[in-house]
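Comments concern the structure below.
The values are calculated or read from the model by the stated rules, or taken from the named source; none is laboratory data. As the structure is a computational prediction, the values presented were derived from the model and not from experiment. Cβ sites come from the backbone with ideal geometry, for glycine too, and all protein chains shown count toward neighbours.
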Amino acid sequence: MTPAFPGSPAEHFRREPLDSFPLKSPPKTRAELKGFLQSHLDIFVPDVSVCPDHSSPMDYLWHTWRTDFAELRPSGQISGDCIVWANRGGGKTQLAAIATLLEGLFKEDCRTRIVAGSLDQAGRMYEYLTDFVQSAFPEQVAGRMLRERCRFKNGTQVRLLAQSQRALRGHHVQKLRCDEVELFDEAIFSAGKFCVKSRGTLQGAMECLSTMHRPWGLMQKILAEAAASGIPIFKWCLWEVIQRCQPERSCSRCPLNSDCQGKARHSDGFLLIDDCIAQMRRSSRAAFESEMLCIRPSLENAVFADFDPAVHVRPFELDPALPLYRAIDFGYVHPFVCLWIQVDRAGTVRVVDEYVQSRRTLAAHAEEIKRRTPGGQAVRTFCDPAGKQPSDESGLTPVEVLKSCGIPVQSCPSRIENGLELIRRHLRAGDGTSRLLIAPRCIRLIEAMQGYHYPERPVGGGTETPVKDGVYDHPIDALRYFFVNYFKPSGRIRQVRW
């Protein structure tokens with residue numbers, strides 16, 4: 001039986017490389033690459049995608065390998081960038097070490113840098129690389145393998161970097177492997193985007209590997225950006241890397257059965273089934289779903305834990321028979337937000353459209369709002385009570401500016417938590433029903449509903465105030481202004497047909 005992808009590399013390696021895949025002949029096909037790893041490292045990389053829309057670990061390794069061979073990479077590919085979203089223990093760090101090893105064996109003069117959420121995490125990838133080299137390819141290293149860097153005889157250089165602005169800004173490399181990016185400082189991660197460049201036949205590549213712990217974390221933002229820009233995303237979970245379940249195991253008596261539903265019968269991985277059962281039993285359900293099943297991040301600190309895109313996001317159009325409302329949150333550097341909202345006869349709040357834009361004048365926003373409003377008018381336009389404060393430059397308040405542009409607005413003071421509670425009641429009432437729908441075109445609001453969160457480490461004994469991050473808070477604030485104005489304590493405002 002072919003050995004599984006090992007958890008501890010040195011335990012499984014053959015000490016002498018085989019001749020079936022000599023180093024002078026780099027693999028030209030996916031099958032040859034798999035054969036090379038089996039021949040020289042005694043490693044079998046799982047190559048079965050079990051869940052819908054998932055990848056296999058081999059999909060990632062084949063991508064990062066072929067990106068530097070013009071005859072192998074897909075036509076039109078302009079970079080080797082990719083995102084790897086995988087479960088804990090899913091082999092992503094070890095696979096990245098294999099990719100680094102292959103560069104040291106076959107890709108001349110490649111500059112590879114490893115950076116992670118912590119230097120210790122980066123050291124794990126380098127430790128895997130060291131084990132690979134010392135076990136099977138010691139003759140390919142020029143000099144000694146040092147603690148944080150090494151050089152191969154083909155000129156390839158590998159080095160660990162600390163997660164700092166200075167470290168990343170001081171390098172120009174072909175490959176930047178970022179492990180556990182969920183733990184990165186966002187400003188430092190942004191700096192890393194500019195240190196990667198192609199050289200000769202080597203295509204520049206920034207690879208981001210991580211689990212996803214938080215719906216408001218960096219990994220969530222990276223995935224959203226990758227989906228919009230076409231960067232490949234390789235996602236696998238427990239079922240792509242668990243060992244194949246044998247017929248003698250009974251599904252009905254297996255604790256994994258409610259999640260597995262026979263998936264492990266088709267997998268071809270390396271994680272022991274009994275270990276996975278033990279992990280499930282010792283963890284919370286939310287943690288198991290995010291860390292092992294890659295279903296969703298933990299919602300422990302989420303403001304709207306009941307928000308579910310499958311329930312609350314649905315295609316619909318503006319109903320001309322219903323009154324139309326607008327809700328505005330002011331901003332300049334941080335985004336200015338306007339939402340178009342209707343309430344149907346069953347009391348369901350329907351967010352029809354959104355406008356989110358930064359660094360434009362209020363007058364420019366006003367013109368865009370009128371252009372996008374059917375008939376140019378709405379029954380009411382609600383806004384931030386702070387809009388009554390005059391500007392230091394013009395002396396006018398935002399409310400006055402909008403009124404002069406033909407958009408009268410109104411507001412009422414309220415506590416943040418009161419508005420959030422109204423939104424929560426509509427997400428999921430006490431009887432389990434939902435009375436909030438958001439159109440799919442409201443991309444920023446949908447992201448905000450998932451990412452708006454409380455502080456993870458409250459200062460001073462705790463707080464009920466969500467984080468104002470300048471990203472998720474603005475669409476939520478606009479939605480909140482609608483709810484606190486429409487559902488006033490003195491009674492709901494009168495609906496007027498337009």
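Looking only at residues in segment 145-202 that are buried (at least 20 other Cβ atoms within 10 Å of the Cβ) and part of a loop (DSSP other than H, G, I, E, B), the one that is farthest from the chain's Cα centre (by Cα) is THR156. Being within 22 Å of the chain's Cα centre (by Cα) and in contact (Cβ under 8 Å) with a residue 12 or more places away in the chain is the requirement here; does LEU72 meet it? No: the conditions fail for LEU72.
The residue list SER229, SER198, SER164 contains one member that is hydroxyl-bearing (Ser, Thr, Tyr) and within 15 Å of VAL115 (Cβ to Cβ), which is SER164. Do you know which of the residues in segment 367-396 that are aliphatic (A, V, I, L, M) and touching a residue at least 60 places away in the same chain (Cβ under 8 Å) is surrounded by the most Cβ atoms within 10 Å (Cβ to Cβ)? Ranking the candidates gives ALA378 first. For segment 100-120, the count of residues that are among the β-branched types (Val, Ile, Thr), modelled with pLDDT of 95 or more and part of a helix (DSSP H, G or I) is at least one. Condition first: touching a strand residue (DSSP E or B) at 6+ places or on another chain (Cβ under 8 Å), in contact (Cβ under 8 Å) with a residue 12 or more places away in the chain and in a loop (DSSP other than H, G, I, E, B). Can you find one or more residues in segment 424-434 that meet it? The answer is no, given that none of the residues of segment 424-434 is touching a strand residue (DSSP E or B) at 6+ places or on another chain (Cβ under 8 Å), in contact (Cβ under 8 Å) with a residue 12 or more places away in the chain and in a loop (DSSP other than H, G, I, E, B).
Conditions tested, residue by residue: (1) buried (at least 23 other Cβ atoms within 10 Å of the Cβ); (2) over 30 Å from ILE188 (Cβ atoms); (3) of a type in the set (A, V, I, L, M, F, W, C).
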site	(1), (2), (3)
CYS208	yes, no, yes
HIS213	no, no, no
GLN220	no, no, no
SER229	no, no, no
PHE234	yes, no, yes
GLU240	yes, yes, no
GLN246	no, yes, no
ARG249	no, yes, no
LEU256	no, yes, yes
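Using the structure shown, decide if GLN261 is in contact with a Phe, Trp or Tyr (Cβ under 8 Å, 6 or more places away or on another chain) and under 29 Å from ALA305 (Cα atoms). Here the answer is no, as GLN261 does not meet what is asked.
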